[in-house]
Each structure stands twice: as structure tokens, then as C-alpha cells.
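These notes are about the structure you will find just below.
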Amino acid sequence: MHQFDKVEIVRIEEPANSYAVLEEMVEHVKGLLRDLELPYRQLLLCGGDMGFSSAMTYDMEVYAAAQGRWLEVSSISNFETFQSNRLKLRVKGADKKNHLAHTLNGSALALARIVAALLENNQTPEGIRIPKALQPYTGFAMITK
């Protein structure tokens, strides 16, 4: 992907909060996909499909009607202490001791695939329907022929 093909979401968290935050990040991406009115599904990756640095990863996929298959548009991971160990990134815990922070990140949306999914999934005989959430930005509700 090119430099501007996706928007990243990043969190640095106390270890006790990191898995709750992972679920919040997943809900954030799901909310974006719901707002865009796209058919999507959430996958929990197995160990063999994750990168070696990830402790847990969810992929979000949208349906590509023209291709007849699901395409990944977001991947959200908890890396626990893998990244923070190298960075020496610590947080002070409730026990007043320093602990390695947990790092989480994800691609909020892969823009090129989202645009393709919007175009493919919103075709009507009159043209391409613009989802309500985008209409304030486009200034119109339909791309007509």
C-alpha cells in the first residue's frame, strides 16, 4: 500500500486494560463500517495467520460484490509488551511499580478498498447511492449516469 492508503489507530495502555481497549478499537472500526452502510464481517485470526509480534488480531472484511469475495479493510492487534520492550516504554501500575506498557494498533480503514466497496455495493439502476454518513461531505446523495 502507498503512504496514504490507510488511517492508523494506535493506543498505549496499561496491561490490565489492553484487551478491553482492543475490543473498543474493534467496535470503533465496526461503527465506521456501519456508518458507511457496508456489509462486513469480523475475523479473529489464528496464531498461524498473525504476525509473530501480535498476541491477538482481528481482521475486518467488507464484501466486494464485483469480485464475489471478502476483502480485508482493517486489522487491529494487541502486541502486549512486544513493541514496548524494545522501546523501554513503561507505565506505573497500581502497585506503584513500573511495568512494560501494552501497545495496540490497527488500520482504521484501507481507503482504496473502502472506496471500491462503496462503489460496488451501492449501485442502483439510477446510479451509485452515497451513504447518508458521507452526504454532508459530498453535497449529494447519488452519482448519476
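Of the candidates R41, R11, the single residue that is out of contact with any His (no Cβ under 8 Å at 6 or more places or on another chain) and either hydroxyl-bearing (S, T, Y) or in contact (Cβ under 8 Å) with a residue 40 or more places away in the chain (or both) is R11.
Considered as a group, the residues in region 87-123 that are within 28 Å of G51 (Cβ to Cβ) and assigned to a loop (DSSP other than H, G, I, E, B) include one that is farthest from the chain's Cα centre (by Cα), and that residue is G93. Look at (1) assigned to a strand (DSSP E or B); (2) buried (at least 17 other Cβ atoms within 10 Å of the Cβ) and you find that I143 fails only one, number (2). In region 3-22, the qualifying residues are those that are surrounded by 15 or more Cβ atoms within 10 Å (Cβ to Cβ) and within 11 Å of the chain's Cα centre (by Cα), and the one that is modelled with the lowest pLDDT is K6. From the residues in region 37-79 that are aromatic (F, W, Y) and within 19 Å of H102 (Cα to Cα), which one is surrounded by the fewest Cβ atoms within 10 Å (Cβ to Cβ)? Selected residue: F52. Of the set (1) part of a helix (DSSP H, G or I); (2) surrounded by 13 or more Cβ atoms within 10 Å (Cβ to Cβ), all apply to Y137 but (2).
Rundown of residues vs (1) at pLDDT below 95; (2) under 14 Å from the mean Cα position of the chain (by Cα); (3) in a strand (DSSP E or B), yes/no style:
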{"position": "E24", "(1), (2), (3)": "no, yes, no"}
{"position": "E37", "(1), (2), (3)": "no, no, no"}
{"position": "L43", "(1), (2), (3)": "no, yes, yes"}
{"position": "F52", "(1), (2), (3)": "yes, no, no"}
{"position": "Y58", "(1), (2), (3)": "no, yes, yes"}
{"position": "I76", "(1), (2), (3)": "no, yes, yes"}
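Restricting the first member to region 74-92 and to residues that are touching a residue at least 12 places away in the same chain (Cβ under 8 Å), and the second to residues that are exposed (fewer than 14 other Cβ atoms within 10 Å of the Cβ), the beta-carbon pairs closer than 6 Å and six or more apart or on different chains are F79/S53; F82/S53. Pairs only if they're at least six apart or on different chains, beta carbon under 9 angstrom, first in region 94-121 and without any contact (Cβ under 8 Å) to a residue 40 or more places away in the chain, second in a strand (DSSP E or B); list them, first residue then second. Taking only residues 6 or more apart or on different chains, the pairs are N98/R90; N98/V91; N98/K92; L119/I128; L119/I143.
The values are calculated or read from the model by the stated rules, or taken from the named source; none is laboratory data. Quick caveat, the model's predicted, so the values are computed rather than measured. Using ideal geometry, Cβ is built from the backbone for each residue, glycine included, and neighbour counts are taken over all protein chains shown.
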